[in-house]
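The values are calculated or read from the model by the stated rules, or taken from the named source; none is laboratory data. Worth saying up front: this structure is predicted, and the values here are computed from it rather than measured. Here the Cβ is made from the backbone with ideal geometry for all residues, glycine too, and neighbour counts use every protein chain on show.
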């Protein structure tokens, strides 16, 4: 049985160069101004979080360090930021991304756990935490995290894809198929979900080769590399 494919997820470093996040507006009643004068809605701040106030210089330093893959420098900046606001969920999330990139999975998990503890509405933190659990083979905890991420953001195609991976690893193929179909319904250009759909269709008995071919070809059009196993299965009689 071939494992489904995914890419590693990093927390986007939201609004690193300013003290507040400039989130995309979805819904909400009132607006605020971040450090750059951009309008953001209060309801969105619950979903994206904001960095501690009066830490723009630290945010700039963290952003520069991260772009240079200077993990010790980025880590130091975020830890200083958390000294001024120990319960800042976004700073914990970004510190988690730093630890993840530096190879410290346990440290990263602790940071993301702190992030969702202080603000459980941060879907990105739930996603990253789920991927860390998945990497440890803890499929049930991973599924719990991805499900919570979807509760906070039901139209995140990646979360549906990740949930499908865990479902398939547990043998729940129908659930995996449903999640992948929802993923490409949300984002028809999500190549990884198309690739994973092709994999599942080929493992059906009998294989649904025409459906698999359609999704595999779409995945290639979207930039994914050819896969020898899938190519052989598509050619099999």
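Per-structure values
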read-out: Condition met for residue 226 (more than 22 Å from residue 130 (Cα to Cα), in contact with a helix residue (DSSP H, G or I) (Cβ under 8 Å, 6 or more places away or on another chain), loosely packed, with under 15 Cβ neighbours inside 10 Å and free of Cβ contacts under 8 Å to residues at least 24 places away in the same chain); value: yes
read-out: Scope the range 70-120; condition farther than 19 Å from residue 146 by Cβ and part of a loop (DSSP other than H, G, I, E, B); matching residues; value: 70, 85, 86, 87, 88, 102, 103, 104
read-out: Cβ pairs under 6 Å, 6+ apart, first in the range 57-73 and within 17 Å of residue 107 (Cβ to Cβ), second in a loop (DSSP other than H, G, I, E, B) and at pLDDT 90 or above; value: 71/102
read-out: Test result for residue 65, at pLDDT below 95, out of contact with any strand residue (DSSP E or B) (no Cβ under 7 Å at 6 or more places or on another chain) and under 21 Å from residue 162 (Cβ atoms); value: no
